[in-house]
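To start, the structure itself, in structure tokens.
The values are calculated or read from the model by the stated rules, or taken from the named source; none is laboratory data. On a predicted model such as this, the values are computed, not experimentally measured, just so you know. Don't worry about glycine lacking a Cβ; one is built from the backbone with ideal geometry, like all the others, and counts go over all protein chains shown. Please note that ligands, DNA and RNA were not included when accessible areas were found on the heavy atoms of the full protein model with its side chains. Shrake-Rupley method; radii C 1.70, N 1.55, O 1.52, S 1.80 Å.
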Amino acid sequence: MLISADRIWIDGQLQTGLAIETDGITVTDLRPRGRDRADLNVPLLMPGCTDLQVNGGGGVLLNTDPTVAGIEAIAAAHRRLGTVSILPTLITDAPEVMEAAASAVIAAMGRPGIAGIHLEGPHLAPEKRGTHDARHIRPLDGRTMAVLQRLRDADVPVLLTLAPELAAPDLLRRAARMGVVLSAGHSMANADQARQAMADGVTMFTHLYNAMPQMNSRDPGMVAAAILSDAYCGMITDGIHVSADMLALTLAARPRKDRCFIVSDAMPTVGGPDRFQLYGQQIRVRDGALINAEGSLAGAHIDMLESLRRLIAMTPATLEQVIAMATDIPRQAMGLHPLRIATGTPLADLIALDRDLHLTPLI
């Protein structure tokens, strides 16, 4: 089968005049389109999205179903929406829930769409906990370090979000040496503390602007330190968590343009019902947002492709910039192999988009 594309994502840029041959399972050739009549023509062909912050999907929340079946259900829900690789994300919970989630991810590695795990908390600043349960917040400790070591011994990519100003520097450095990707988030760190955290091994910031002190003229805070650094910054681009102007400002101000990426922060309502239980409390979609009883945002009701479309609509970012932010850059941030359109690539790892950047069938 010959599939031609008006534009195709190759090596970090959109190219024209190319087609793929496929046996329906893998890409068997990538070549110039020539004069051959294609069996299918699509406006845009690209690798599926990679999302480093997926709390749930398809009605399933990792915190309440930290099992292989739960992880597979979440990944399947996002795959149907164009995201082919995820870090299932466990937010702050009891130590035994973290241990169960770690065991489940270790068992699930190698199954479609499972790229590792994101532990968002519980080592957070209580003042910036957001929807995270204060009962389970605690300093980075030996029990978590043992979980991290077990995951890394099993070669599982691990992202750990924490408030670095509250963590012992030697533990940060030890986790970084294990190969854990450390991300600052849900933190009260000032600019100097954020820079010290980067010196101690932090290479990322979690959902920039959200759950961290904001910039002002005499106290730039960790937001400014993040923007001015070479660290990776995840951003929720639903237009609710961060305004269009702040998204545009961030993209314009960063010294390296390949250091921002999109995360969905998706909850079970993505690809599922309009409500779910979190810490025994019902969370519902209201005007596109998920808000708990305390008035805090409780994750996001958005998938990666909708995030991509909104970012383009809200900012001057180009399509090439935004595709990279949804595909290549998050993988670079985690040290994952890039998803490339090449001979041998599984067809299931690719997506086709129409002219409005909505999914269109590949076969």
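Sort out which residues of the stretch 91-119 are buried (at least 24 other Cβ atoms within 10 Å of the Cβ), under 18 Å from Gly179 (Cβ atoms) and not hydrophobic (A, V, I, L, M, F, W, C), and write them in order of number.
Passing the criteria: only His118.
Out of the residues in the stretch 244-259 that are surrounded by 18 or more Cβ atoms within 10 Å (Cβ to Cβ) and assigned to a loop (DSSP other than H, G, I, E, B), which is nearest to the chain's Cα centre (by Cα)?
That would be Arg259.
Return the residue satisfying two criteria in turn: it lies in the stretch 266-316 and is hydroxyl-bearing (Ser, Thr, Tyr) and either touching a strand residue (DSSP E or B) at 6+ places or on another chain (Cβ under 9 Å) or surrounded by 21 or more Cβ atoms within 10 Å (Cβ to Cβ) (or both), and of such residues it is nearest to Thr83 (Cα to Cα).
Ser307
Restricting the search to the stretch 339-363, which residues are crowded, with 17+ Cβ neighbours inside 10 Å, among the hydrophobic types (A, V, I, L, M, F, W, C) and within 19 Å of Asp39 (Cβ to Cβ)?
Hits for the stretch 339-363 are Ile341, Leu347, Leu350, Ile351, Ala352, Leu353, Leu362.
Pull up the stretch 1-39, narrow it to residues that are touching a Ser or Thr at 6+ places or on another chain (Cβ under 8 Å) and part of a loop (DSSP other than H, G, I, E, B), then point me to the one that is farthest from Ile363 (Cα to Cα).
Filtering first and then ranking leaves Arg33.
Checking the conditions here, which among Ile351, Ile363 is among the β-branched types (Val, Ile, Thr) and modelled with pLDDT under 95?
Ile363
Looking at the stretch 139-148, which of the residues that are closer than 26 Å to Cys233 by Cβ and in a loop (DSSP other than H, G, I, E, B) is most open to solvent (accessible area, probe 1.4 Å)?
Pro139
Can you run down the residue pairs with Cβ atoms below 6 Å, 6 or more apart or on separate chains, where the first is in the stretch 184-212 and without any contact (Cβ under 8 Å) to a residue 40 or more places away in the chain and the partner is open to solvent by 20 Å² or more (accessible area, probe 1.4 Å) and in a loop (DSSP other than H, G, I, E, B)?
Ala191/Pro220
Can you confirm whether Ile262 is at pLDDT 95 or above, in contact with an Asp or Glu (Cβ under 6 Å, 6 or more places away or on another chain) and over 16 Å from Glu165 (Cβ atoms)? Reasoning before the result, please.
On the way: at pLDDT 95 or above: yes; in contact with an Asp or Glu (Cβ under 6 Å, 6 or more places away or on another chain): no; over 16 Å from Glu165 (Cβ atoms): yes.
Here the answer is no, as Ile262 does not meet what is asked.
Would it be correct to say that Arg129 is basic (Lys, Arg) and either over 30 Å from Asp356 (Cβ atoms) or crowded, with 22+ Cβ neighbours inside 10 Å (or both)?
Judged against the criteria, Arg129 is a match.
Being in contact with a helix residue (DSSP H, G or I) (Cβ under 6 Å, 6 or more places away or on another chain), within 25 Å of Gly58 (Cα to Cα) and assigned to a loop (DSSP other than H, G, I, E, B): is that true of Leu308 here?
Taking the combined requirement at face value, the residue does not satisfy it.
So, of the residues in the stretch 36-53 that are without any contact (Cβ under 8 Å) to a residue 60 or more places away in the chain and of a type outside the set (Lys, Arg), which turns out to be least open to solvent (accessible area, probe 1.4 Å)?
Only one residue tops the list, namely Ala38.
If the requirement is being open to solvent by less than 10 Å² (accessible area, probe 1.4 Å), touching a residue at least 12 places away in the same chain (Cβ under 8 Å) and in a helix (DSSP H, G or I), which of these qualifies: Leu151, Leu159, Leu171?
Leu151
State all residues of the stretch 174-195 that are open to solvent by 30 Å² or more (accessible area, probe 1.4 Å) and either assigned to a loop (DSSP other than H, G, I, E, B) or touching a Pro at 6+ places or on another chain (Cβ under 8 Å) (or both); if no residue qualifies, say none.
Gly179, Met188, Asn190, Gln193
Say we look at the stretch 318-328 and pick out the residues that are open to solvent by 10 Å² or more (accessible area, probe 1.4 Å) and in contact (Cβ under 8 Å) with a residue 24 or more places away in the chain; which of these is farthest from Val156 (Cα to Cα)?
Leu319
Looking at the stretch 27-57, which of the residues that are more than 25 Å from Leu336 (Cα to Cα) and among the small types (Gly, Ala, Ser) is modelled with the highest pLDDT?
Here is the first cut: in the stretch 27-57, the residues more than 25 Å from Leu336 (Cα to Cα) are 31-43.
Filter once more, keeping what is among the small types (Gly, Ala, Ser): 34, 38.
Details: Gly34: 83, Ala38: 90.
Looking at the filtered set, the residue picked out is Ala38.
Say we look at the stretch 329-338 and pick out the residues that are assigned to a loop (DSSP other than H, G, I, E, B) and closer than 19 Å to Leu182 by Cα; which of these is most open to solvent (accessible area, probe 1.4 Å)?
His337
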